[in-house]
Amino acid sequence: MGTNDLATHLAKAGDLPAAIKTYSRAREFCGTPVHIAVLALHQVVLAIYQRDWMAVQTHSSKLAAIQLKPEEKNRVQPVVTACQGLANLGLCDYAGAANSFLNTEVAYLTINESMENISPQKDIMTGNDIAVYGGLCALASMDRAELQSKVLENTNFRQFLELEPHIRRAITLFCGSKYKQALEILESYRADWSLDIFLAPNVEAIFERVRQKSIVQYFVPFSCVTLDEMQRMFVSYDGRPIEEELVDMIRRGTLTARIDQVDRVRYFKSPSSPFFSRNLC
């Protein structure tokens, strides 16, 4: 208890490295699985504060492996899953982050009492954060079929989405092929999300992925589309011409197509296409 109190004091004073070392020294005094779980939980939280995502994964995995009573496990497991999602987000593993957030039990929303001086919704993230992080990571990493089955039809995650209805609307519009409206919703919240301490470093990458996926999906039914139509459908918020964005996507292999810069038409890349013999880039 004295070692834990000292580590808590160091954490509140802002000396996080010393607090982590002190919690590590407390390990030898742990006599029950609950003591070990509490220690691991404190280490997870401090690693999150330090943005040490590998340590978050390590300590959360240890916490998940501890043999606890069912009622204790039910309190700890949602926190573990949410923290693993946060670690994956910090490591830019959006698919892994989406799966973790989508699998976070709704019991996380009812953990209001303090768990050994740690309140998950105050000290880690709220249910609203899980909805935003999970929804955006899913948009960045899943196709429309997966979004429909794993997000919109996920009865567990649906209760998180009810806290942030604009995320649900954006995903619904994306699944309904209404890409322009979905992107407009996301852009309207870009400034707010850019102030989020965990999401801010990933906002640009996530938005770029979602936009590129929208462009690719939009042209699946067509053999050719004019660049003017594309510019109208996918408004550039940084003033960048749509053809430059398409050229970058083609060069990176994200988009398989050709662009006729004379007639300002974009064609799908097809060996049988008569346009393939023309001067296309």
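No value in this document is a laboratory result; all are computed from the given coordinates. Worth saying up front: this structure is predicted, and the values here are computed from it rather than measured. Backbone-built Cβ (ideal geometry, glycine too); neighbour counts: all protein chains shown.
Computed over the Cα atoms of the chain, pair by distinct pair, the Kirkwood hydrodynamic radius stands at 21.0 angstrom. The angle between the Cα long axis of helix 2-13 and the main principal axis of the chain comes to about 40°, on a 0 to 90 degree scale. Considering only N99, A40, A18, and ranking their Cα positions along the charge dipole of the chain that arises from unit charges at the beta-carbon of Lys, Arg, Asp and Glu, the one farthest toward the positive end is N99. Of H9, A87, G253, which is farthest towards the positive pole of the chain's charge dipole, taken about the Cα centre with +1 and -1 on the beta-carbons of Lys, Arg and Asp, Glu respectively? So the residue we want is G253. The fraction of Cα-Cα pairs per 10 angstrom bin, counted from 0 for segment 140-212, comes to 19, 51, 30, 0 percent, rounded to whole percents. Based on C-alpha pairs under 8 angstrom that are at least 6 apart in sequence, the chain has a relative contact order of 10 percent. Computed from Cα atoms alone, the Kirkwood hydrodynamic radius reported for segment 97-194 is 13.9 Å.
Taken over segment 1-121, the percentage of Cα pairs per 5 Å bin, counting from 0 up to the bin with the maximum distance, is 2, 12, 21, 24, 22, 13, 6, 1, 0.
As a calculated quantity, the FRET efficiency between H35 and N156 at R0 = 45 Å, using C-beta atoms, amounts to about 0.90.
The charge dipole of segment 157-256, taken about the Cα centre with unit charges on the Cβ atoms of Lys, Arg (+1) and Asp, Glu (-1), comes to about 380 debye, rounded to the nearest 20.
Sorted by packing (mean other beta-carbon atoms within 10 Å per residue), highest first, where do 179-185, 251-257 land?
179-185, 251-257
Rank N128, Y49, F174 by how far each Cα sits towards the positive end of the charge dipole of the chain (+1 on Lys, Arg Cβ; -1 on Asp, Glu Cβ) and give me just the farthest. The listed residue farthest towards the positive side: F174.
Net charge dipole, the chain: roughly 580 debye, given to the nearest 20, about the Cα centre with Cβ charges of +1 for Lys and Arg and -1 for Asp and Glu.
Taking the C-alpha atoms only, the angle from helix 242-252 to the longest principal axis of the chain is near 70 degrees. Pairs K122/K180; K62/K150; K73/K213; K21/K69; K62/K213: which exceed 30 Å Cα-Cα? Beyond 30 Å between Cα atoms: K122/K180; K73/K213; K62/K213. Among C137, C175, sorting on how many other beta-carbon atoms sit within 10 Å of each Cβ, with the fewest leading, yields C175, C137.
The calculated P(r) of segment 1-71, using every Cα pair and 10 Å bins from 0, goes 22, 53, 24, 1 in percent. Rounded to the nearest 10 degrees, the inclination of helix 33-49 to the longest alpha-carbon principal axis of the chain is 50 degrees. Annotation: peptides 142-150, 63-71, ranked by per-residue average of other Cβ atoms within 10 Å with the highest first, follow the order 142-150, 63-71. Computed as a quarter of the hull surface, the mean projected area of the alpha carbon convex hull for segment 155-266 stands at 8.2 nm².
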